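The values are calculated or read from the model by the stated rules, or taken from the named source; none is laboratory data. Keep in mind that this is a model prediction, so the values were computed, not measured. Every residue, glycine among them, receives a Cβ derived from its backbone with ideal geometry; neighbour counts consider all protein chains shown.
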Amino acid sequence: MKSLEEFVALFAEQFDDTDTNEIKANTVFHDIEEWSSLVGLSVIAMIDEEFDVTLKGDDIRNSVTVEDLYKVVASKAK
Amino acid sequence: MIDSGKYIFRPATVKDIPFLVETVIQAEKSNTGACGMANHFGISEDELRGYLVQIFEEEVDGCELSVSSFLVAEYEGQVVAATAGWLEGANDEELPSAILKSNLIQYVMPREAIMRAKDNISITKGLSIEREGGTYQREYSYVIPEHQGQMLIQSLSEMHFERARSYNPPVKKVQAHVFGENKAVILSNKILGYKITKKVVSTNPKVLDLYPSNTMLLFEKEL
């Protein structure tokens with residue numbers, strides 16, 4: 001399982017126009033201006049590929065910060 | 001800030017018809033300015049809205065213009081997302097959904113619009129992919145801008161899959177037709193486990209005057 005720092009970096013890579021340095025573990029990702037369905041889908045695809053974890057819609061919806069999402073991924077990782 | 005705990009997911013009712021009409025219009029546009037259905041019949045979006053209300057009010061089950069096909073997401077009493085799905089051919093007379101849809105359209109739309117659509121058939125036939133009887137069909141998704149990014153269509157899709165599995169016998173396959181330019185839906189379908197099994201491309205240049213794309217993809221998912 002990758003570290004939280006690695007997860008944050010991979011998460012930030014899904015954004016095209018947002019400064020990756022702005023995205024931290026405690027970032028409320030739904031508030032990022034560029035956040036959209038397409039970015040959300042890219043995040044789900046990245047997690048599937050990098051962590052072999054399939055997230056559901058409510059996993060994204062119920063997570064507030066990037067770290068919250070990491071914890072969901074960690075709890076589902078094999 | 002949106003409170004994710006406030007979403008309610010449920011089947012649509014006739015009270016949701018205005019939102020279902022908006023869903024059809026926005027999905028027909030596929031994030032472009034071209035409303036395929038309005039263009040196909042040579043009518044304005046507003047005219048199409050009126051006809052779609054009448055069609056939904058007929059409450060015919062078993063196609064993409066059936067209230068009973070839709071699942072919706074509600075937030076604080078307002079419907080904010082919807083998407084359709086139905087078991088193909090599962091009606092009293094086992095009619096294909098294309099026939100049901102065609103009957104509904106011919107019942108409410110004026111003759112001139114039907115004639116214009118017939119004139120356009122030669123342009124649009126290259127994009128046609130037949131729906132397979134006994135499969136669960138997915139169509140038309142829309143989320144209002146304020147609630148995009150909440151993965152509502154993902155959750156509604158998961159509900160549709162559960163609905164498909166609940167039939168007796170359970171449905172084994174889901175199909176979805178998607179215009180080739182619709183990146184968000186294509187990515188969403190791949191994440192949901194669909195595979196592209198067919199691609200048709202219309203070589204008629206006039207097709208882009210009517211539809212958002214000259215390419216139609218068939219996605220299939222085994223349940």
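Checking B:Glu132, B:Glu162, B:Glu146 one by one, the residue that is at pLDDT 95 or above, in a helix (DSSP H, G or I) and of a type in the set (Asp, Glu) is B:Glu162 and no other. Restricting attention to segment B:69-102, which residues are out of contact with any strand residue (DSSP E or B) (no Cβ under 7 Å at 6 or more places or on another chain) and in contact (Cβ under 8 Å) with a residue 24 or more places away in the chain? Selection gives B:Glu76, B:Gly89, B:Ala90, B:Asn91, B:Glu94, B:Leu95, B:Pro96, B:Ala98, B:Leu100, B:Lys101.
Any residue that is in contact with a His (Cβ under 8 Å, 6 or more places away or on another chain) and either away from every other protein chain (no Cβ under 14 Å) or assigned to a strand (DSSP E or B) (or both) - is there at least one of those in segment B:165-180? Don't jump to the end; show me each part of the working.
Pass one, segment B:165-180, residues in contact with a His (Cβ under 8 Å, 6 or more places away or on another chain): B:174.
Then keep just the ones that are either away from every other protein chain (no Cβ under 14 Å) or assigned to a strand (DSSP E or B) (or both); that gives B:174.
Checked segment B:165-180: at least one residue is in contact with a His (Cβ under 8 Å, 6 or more places away or on another chain) and either away from every other protein chain (no Cβ under 14 Å) or assigned to a strand (DSSP E or B) (or both).
The residue pairs whose first member lies in segment B:179-203 and is charged (D, E, K, R), whose second member is part of a helix (DSSP H, G or I), and whose beta carbons are closer than 7 Å, counting only pairs six or more residues apart or on different chains, are B:Lys183/A:Leu38. For segment B:3-33, a tally of residues being modelled with pLDDT under 95, in contact with an Asp or Glu (Cβ under 8 Å, 6 or more places away or on another chain) and at negative phi returns 4.
A quick yes/no check of all residues on (1) at pLDDT below 95; (2) not β-branched (Val, Ile, Thr); (3) not in a loop (DSSP other than H, G, I, E, B):
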| position | (1), (2), (3) |
| --- | --- |
| B:Leu65 | no, yes, no |
| B:Ser68 | no, yes, yes |
| B:Leu71 | no, yes, yes |
| B:Val80 | no, no, yes |
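So which pairs qualify, if the first residue must be in segment B:1-12 and touching a residue at least 40 places away in the same chain (Cβ under 8 Å), the second must be acidic (Asp, Glu) and part of a loop (DSSP other than H, G, I, E, B), the Cβ gap must be under 8 Å, and the two must be at least 6 apart or on different chains? Here the result reads B:Lys6/B:Glu76, each pair linking segment B:1-12 to a residue that is acidic (Asp, Glu) and part of a loop (DSSP other than H, G, I, E, B). The C-beta contact set for segment B:113-126 (first residue farther than 12 Å from B:Gly36 by Cα, second residue of a type outside the set (Phe, Trp, Tyr) and exposed (fewer than 12 other Cβ atoms within 10 Å of the Cβ), distance under 7 angstrom, 6+ apart or interchain) comprises B:Gly126/B:Thr203. Residue under question is B:Leu71, and the condition is that it be within 14 Å of chain A (Cβ to nearest Cβ), within 25 Å of B:Phe219 (Cα to Cα) and not hydroxyl-bearing (Ser, Thr, Tyr); does it hold? Yes: the conditions hold for B:Leu71.
Any residue in segment A:2-17 that is away from chain B (no Cβ under 13 Å), crowded, with 19+ Cβ neighbours inside 10 Å and within 21 Å of B:Ser4 (Cα to Cα)? Yes, segment A:2-17 contains a residue that is away from chain B (no Cβ under 13 Å), crowded, with 19+ Cβ neighbours inside 10 Å and within 21 Å of B:Ser4 (Cα to Cα). Taking (1) crowded, with 19+ Cβ neighbours inside 10 Å; (2) farther than 27 Å from B:Ser157 by Cα; (3) within 14 Å of chain B (Cβ to nearest Cβ) in turn, A:Ser37 satisfies each apart from (2).
Counting only residues that are over 17 Å from B:Glu222 (Cα atoms), β-branched (Val, Ile, Thr) and surrounded by fewer than 22 Cβ atoms within 10 Å (Cβ to Cβ), segment B:144-177 holds 1 of them.
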